[in-house]
Every structure is written in structure tokens, then in C-alpha cells.
1. Step through the residues of the stretch B:87-102 one at a time and calculate ³J(HN,Hα) from phi using the Karplus curve (6.51 cos²θ - 1.76 cosθ + 1.60, θ = phi - 60°), rounding each to whole Hz and writing x for Gly and Pro.
2. Using θ = phi - 60° and the Karplus curve 6.51 cos²θ - 1.76 cosθ + 1.60, what whole-Hz ³J(HN,Hα) does each residue of the stretch A:48-54 get, with Gly and Pro shown as x?
3. With charges set only on the Cβ (+1 for Lys and Arg, -1 for Asp and Glu), what does the dipole of chain A come to about its Cα centre, in debye to the nearest 20?
4. For chain A, with a Gaussian network of springs between Cα atoms less than 10 Å apart, report the residue from A:Asp33, A:Asp17, A:Asp132 with the top mean-square fluctuation.
5. When N is the residue count of the stretch B:73-228, what does its C-alpha Rg come to as a fraction of 2.2 N^0.38 Å?
6. Please compute, for peptide B:56-62, the average count of beta-carbon atoms on other protein chains lying within 10 Å of each residue's beta-carbon.
7. Can you give me the long-range amide H partners of A:Asp27? Hydrogens built in the peptide plane at 1.01 Å from N, cutoff under 5 Å, separation of 5 or more residues or another chain.
8. Using amide H atoms built 1.01 Å from N in the peptide plane, name the residues 5+ places from A:Ser65, or on other chains, whose amide H lies under 5 Å from its own.
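The values are calculated or read from the model by the stated rules, or taken from the named source; none is laboratory data. A quick note: this is a predicted structure, and the numbers were derived from the prediction, not measured. FYI the Cβ positions are ideal-geometry reconstructions off the backbone, even for glycines, and counts take in every protein chain you see. Side chains included, ligands, DNA and RNA excluded: accessible areas come from the protein's heavy atoms. Shrake-Rupley method; radii C 1.70, N 1.55, O 1.52, S 1.80 Å.
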Number of protein chains: 2
Amino acid sequence: MTASPLPEQIALRLRRDILRGTLAPGDPIKERDNALELGVSRTPLREAVRILAKEGLVQLRPARSPVVADPSLKEVRDAVAVLQALEILSGELACREASDAEIAEIRALSERHLALSETAEGEGLIELFEIDMAFHTAIARASHNPALAETHAAYLARMWRQRYLSAVQRRARERVRTQHENIVAGLEARDPARVASEINAHLAALITNLTRLFEAREAGRDLTTDETGIE
Amino acid sequence: MTASPLPEQIALRLRRDILRGTLAPGDPIKERDNALELGVSRTPLREAVRILAKEGLVQLRPARSPVVADPSLKEVRDAVAVLQALEILSGELACREASDAEIAEIRALSERHLALSETAEGEGLIELFEIDMAFHTAIARASHNPALAETHAAYLARMWRQRYLSAVQRRARERVRTQHENIVAGLEARDPARVASEINAHLAALITNLTRLFEAREAGRDLTTDETGIE
DNA sequence: AAGAAATTTTTGGTATACCAGATATACGCG
DNA sequence: CGCGTATATCTGGTATACCAAAAATTTCTT
């Protein structure tokens, strides 16, 4: 058999398209068209769509084409609230479960992020962002709780686009750098309370920033569509 | 179109079978056999299996039959730890977001549970358990955070069987009754800290009980297979 | 008789064909 | 000219057919 990472491959591709804005929020994902376009059958494409649906990136509608999710501000805030709880738990558990090597790896990611953060531009921003994601993912894995790590990853994926739009901003980049550093320091000190509070602050700032982004969008300067020049 | 709750229907049926033990942990779920048995095609059955997989009830293996999950003690404890974080967040949010009507509904569920808890036997235990689930689900919904409620529901479903085996015990029933009452009281007082601590205690007790169950199983008195006489 | 290799069978993955509902379009009527 | 209805088309849901990989079984060899 083919080991069948095919639906995952398709999901990955669609996910990136959604992140880049090639597939804009609200766009329908028609089984036939996309299957033909990607050169696969409807069946695996269908599965890929379900994967993205479970991640919250697309929205299934009964007897209708699935559409790329276009979450409201409240939905995003709700999701971040859950993410916050998951990350705080991750951080606390990581303090007592993570190996020194894992914490070192987290630090390494933080420093790679720091280095790129200054220079990144254009397509490089995607790489910057992926390191950002990897940083948070590494903490979740360091909890040594696979279920937690998986759910956390799902929430991270769900908000890819929103977090991306936020993380790309120059101002936000500055903040993220120091906050990441604080989290790493807390982990190295194995101080759960400190890590929890730092992560809490980090995500609270994210909520603030996302709120700003949404308000800007409503005001007219639409920052969430292709016009931002991501491509 | 058929509105297509068909995969969900199948998933529901399989889920119940797993709960009752008709499908024992480790049993393979063969697409062809089960599809034929249920009188449907492989396609929707396949989707149903994916749903259960995402819930964690079955385990997908590349190029292999999916099997009914047989989580280890660690996996169960890990999942409960996440559930704990989710429920605590739910409770805290519910304190400030829930309507009085919602809290009243939660109380009603608690009292129905109380009433049945004394008398339930045999098949009635499933109903008792479903009310227990509904109680927790209602709190999650009362948070007015749909994402949270959904993830919470997924975790609840994932541990159906384990929680069922725990909840059925006479001793556990006693404890659950008073703890539910405490949680309701906290909600009515709209005291987030109190609710958080009560929920924390409730789930900590669940972990203890599940640990006991696992130890008993390993000791030989296998409480998690059909021999418990659920059917 | 035991082990290894080849073949058969079983199983999931993928492609495709068919069906029903929902939407869009076009035509006819007021 | 506008609105309602009928029809054509588009779309997702389901069934089925085909393929390749993995077990299981059988058979051949030593």
C-alpha cells in the first residue's frame, strides 16, 4: 500500500495556500475542481478537507461546498483563550518533565528566531513564522503529554493565518523576541509559576494585537486580505 | 442531498459499541466487514472511522486496519490532565458568561443525576453516565466559548469507556454526587476560584480512581473487558 | 520435520461512476 | 418590465471497482 500520506500532502498544500492568502477566507473548496487541479481523485482530497476542517481552517456546511474559514474576532479570541490554557499547562508540565536537552532545543529555536527576526523580509517571513510555531510546538512536546501536544498543535494550526498576520508586524516581532526569551528563562529555571505567567502575558499580548488587527480591518485598511502583499 | 449525517450515525453506533465493550480494545475495525454489516458502503464507514480516530477512540495505522484504542494508564492520565485544564477554564468562564438559565439547567442535570444515581442498574447505568456527560458538557457550553466546548466534548468522548468504567462503581457514584453539587454551588455563587478548585478536585479524584482501576486490571481482576458484565 | 520462499488472500488506498439536492438561469406569464 | 416557475447544471454524498502492500498460508527444499 502507499503508506497514504497523500491526504496529508494535499492538506499541507491547501494549508499553505490558505496561509499565503491564495485561498482567501470565504472561498469555496470544490471537490472536483481542486482534485483535478492537484491531479488527484476526489476521495483523498475529500479527506484532506476533513483534516483541515477538524483543524478549523475550513468550514464544512451540510450539502454545500466547504469554505475557507473566516473567523470573527470573537472566534479568534475564544480560540486563543483555549490555546492559552493549553500552553500554560504545557509550560508547567515542561518545567518538571522536560529533559535538559529539550529545553536547550527550545532555547536554540528562540535564538534562531531572534536572529531571523531582524533581517527577515518577504518570503523569509514565512520561515520566521514557522520557527515561531516550532518554538511553541517544542514547549508543548516538552510537556511529555502527547495528547496535549497534539491538541495544542491543532489550535496552532487553526490560527495559522491570524497569528501569521500578527507575527509579521515589525512591532509585534520586537515584543515576541523578549517574551520568548522570558519563557525560555523560566523553563531553564524550572519555575512553573513564572513560565505560566510569562506564557499568559505572551498570549494576552497576542489577543491585544489580534484585536487591533481586526479593528484596522473593519476600519477599512484591510490587513487580512492579499493586499498586504504577502505573495 | 442527504444532509449527510450518515457518517456521524455510523460513528455514533460504533462509539456505543466501543463503550459497551462489544468492540473490545485492540479489535480491528475492518472496512469491508463493518460496512457490509451496517449495510452501508465503505466510504461513509471510512469517514466514521476517521471521526472516531480524531476523537481518539480508534487508532489509525498506516496500511493497517484501524483498531479500537487501548490507552495505557499514562495516556489516560495525560488526557485527563488536558480535560482538567479545559474544564477549569470552562468553569471560570462560565462564572462570568453563563446566563442564570444555563446555570439552572446545570443544576437540573446534577439533580437528575443524583436521583438516578441511587437506583440505576444494568442498562440504566448508561443513562446515568450520559447524564454525567451532559452535566460536564453543559458547563463547557456555558463558557460561551464554542471552540472550548467542542474540544472539551472531544476529550470527553475520547475517554468515554474509561470514565464509564469509573463512574459505574458504587463508591465513585457517591463521590461524584457531592462533587457535582459543590461545582454547581460554586457556579451559582459565580465564584471562579471556587469552581476551579472544585473541578480540579473532581478530576483529581477521577485520576485516582482510574489509576486504581488500571492497577486492579493488571493484578488480574480485569475490570475493563466484557467480563464486567456490562452487556 | 523445520525453515524459508513463493503464492494466495486479505485489507486499506485510490479512482470513478451514479445519485439527489441545491442553485442558477432562462423562459413564460402577468 | 418584473416576478415566479421550470429546467438545466453544478456539487457533495454514496456506492463500487481496481490496485498495491502486507499477512497468512502453503509448498518446496534441506
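1. 6, 5, 4, 4, x, 4, 5, 4, 4, 9, 9, 5, 7, 4, 4, 5
2. Those phi angles translate into 4, 4, 5, 4, 5, 5, 5 Hz.
3. Dipole about the Cα centre, nearest 20: 620 debye.
4. Between A:Asp33, A:Asp17, A:Asp132, it is A:Asp33 that shows the largest mean-square fluctuation.
5. 1.01
6. 1
7. Placed amide hydrogens put A:Val68 under 5 Å from A:Asp27.
8. Those qualifying (amide H under 5 Å, at least 5 residues apart or on another chain) number zero.
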